[in-house]
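**Student:** Take this structure first; my questions come after.
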Amino acid sequence: MSTVIGISGNIIYENSKISNKMFVNETYTEAVYKSEAIAFIIPMTDNKTMLKKSIEKIDGLILTGGVDVHPFYFNEEPHQKIGEINKDRDEFDLLITKYAVEMKKPILAICRGMQILNVYFGGSIIQDIPSQVEKSILHSQTAPINVATHKIKIEKNSFIYKILGEESEVNSFHHQAVKQVANDFVVTAKSSDGIIEAMEYKNMNEHFILALQWHPEAMAFNNIKMQNIFNMFSQICSR
């Protein structure tokens, strides 16, 4: 049977609930299809029974990007520079993360997904890099999504090192980042200003969880190394 990878959905609110739109960016589904797996979009809902059944049906989960995480989830008040928040999206993402962790489904967390994952496991978030990190580089690029705008240094003996090597150029579309790393994780990549760009579950053999701050799916169509992240994830999910 084909490998099925779930992709967490996003929402656009219209004038009434009946016209709200569920979606994921095409770059996620294309990267999954290129890895020869089936992309299964998981729509936002508060129906816990159906969400749990959805996670049961998939072989792995991708936590996608999106708006800022509500600071109440990591016991902070909102910073003046916090962006848009969506409590419904937070609760949805935290719930599917819970189910995936309990079922030990492989997880690939991207951008906001990395931050949600860190919060779920008890970590915290920098609410606004430019105002809270001294001498920070640009992390909210205006260049096209497939263009790399800064470099990262990668730890040897990490999963991501096997794919990208000791250094990589990445894109960047975030003003938040991991602050206090959850105890279950190790940091495996940083940018030159110290922002955490990748972290991995301490026991990857027991449960594969990889979190990346950049958007590899947006670079994958013309960057084989970024596509290989999804290829390797698909292989792991098929086991």
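The values are calculated or read from the model by the stated rules, or taken from the named source; none is laboratory data. Please read these numbers as outputs of a predicted model, since none were measured by experiment. Cβ: placed from backbone, ideal geometry, glycine included. Neighbour counts: every protein chain shown. Areas reflect the complete protein model, heavy atoms only, side chains present, ligands, DNA and RNA absent. Shrake-Rupley method; radii C 1.70, N 1.55, O 1.52, S 1.80 Å.
**Student:** Considering lysine pairs in the stretch 12-57 that are 8 or more places apart or on different chains, how many have Cα atoms under 24 Å apart?
**Tutor:** Close lysine pairs under the 24 Å cut-off: 9.
**Student:** I've got another one for you. Could you work out how far apart the two model spin labels at N146 and I224 are, taking each label as a point 7 Å from the Cα in the direction of the beta carbon, and quote it in nm?
**Tutor:** 1.6 nm
**Student:** Related question: Over the stretch 1-55, what is the percentage of antiparallel beta bridges among all DSSP beta bridges, to the nearest 5?
**Tutor:** Roughly 40 percent of the beta bridges in the stretch 1-55 run antiparallel, per DSSP.
**Student:** Using a 1.4 Å probe over the heavy atoms of the protein chains, calculate the carbon and sulfur portion of the accessible area of the stretch 116-183 as a whole percent.
**Tutor:** That share works out to 48 percent.
**Student:** Nearest-5 percent of antiparallel DSSP beta bridges in the stretch 1-148?
**Tutor:** Given both bridge residues lie in the stretch 1-148, the antiparallel proportion sits at roughly 20 percent.
**Student:** Right, here's the next one. Under the rule of at least 5 residues apart or a separate chain, name every residue whose amide H is placed under 5 Å from the amide H of E197.
**Tutor:** Amide H neighbours of E197: A189, K190, S191.
**Student:** Place a point 7 Å from Cα of Q80 in the direction of its Cβ. Which residues in the stretch 179-195 have their backbone N less than 13 Å from it?
**Tutor:** none
**Student:** Still on this structure, please answer the following. Based on the alpha-carbon gyration tensor of the stretch 62-132 and its eigenvalue square roots a ≥ b ≥ c, which shape applies: rounded if a/c is under 1.5, prolate if not and a/b is larger than b/c, or oblate? Spell out each step's value before the answer.
**Tutor:** Values: a/c = 2.02, a/b = 1.92, b/c = 1.05.
The shape class here is prolate.
**Student:** Per DSSP helix of 4 or more residues, -39500 (n - 2.57); summed, then divided by the residues of the chain. What does that give at 222 nm, rounded to the nearest 500?
**Tutor:** Here the helix-only value at 222 nm equals -8500 deg cm²/dmol.
**Student:** Once you sort the root eigenvalues of the Cα gyration tensor of the chain as a ≥ b ≥ c, which label holds: rounded (a/c under 1.5), prolate (a/b larger than b/c) or oblate (the other case)?
**Tutor:** rounded
**Student:** If you count only protein heavy atoms with a 1.4 Å probe, what accessible area per residue comes out for the chain, rounded to a whole Å²?
**Tutor:** With all protein chains present, the chain gives 49 Å² per residue.
**Student:** Turning to a different aspect of this structure: By how many nm would the segment from E30 to N157 lengthen if fully extended, with 0.36 nm per residue of separation less the alpha-carbon distance?
**Tutor:** 42.8 nm
**Student:** Highest mean first, how do 158-167, 217-226, 59-68 rank when packing is the count of other Cβ atoms within 10 Å averaged over residues?
**Tutor:** Those peptides, ordered most packed to least, come out 59-68, 217-226, 158-167.
**Student:** What are the equivalent ellipsoid semi-axes of the stretch 185-225, built from the alpha-carbon gyration tensor (square roots of five times its eigenvalues), in whole angstrom, biggest first? Walk me through the numbers on the way to the answer.
**Tutor:** Values: eigenvalues 84, 52, 9 Å².
Semi-axis lengths for the stretch 185-225 are 21, 16, 7 Å.
**Student:** Just report the Cα centroid separation between the stretch 171-232 and the stretch 46-114, whole Å.
**Tutor:** Computed from Cα coordinates, the inter-centre distance equals 16 Å.
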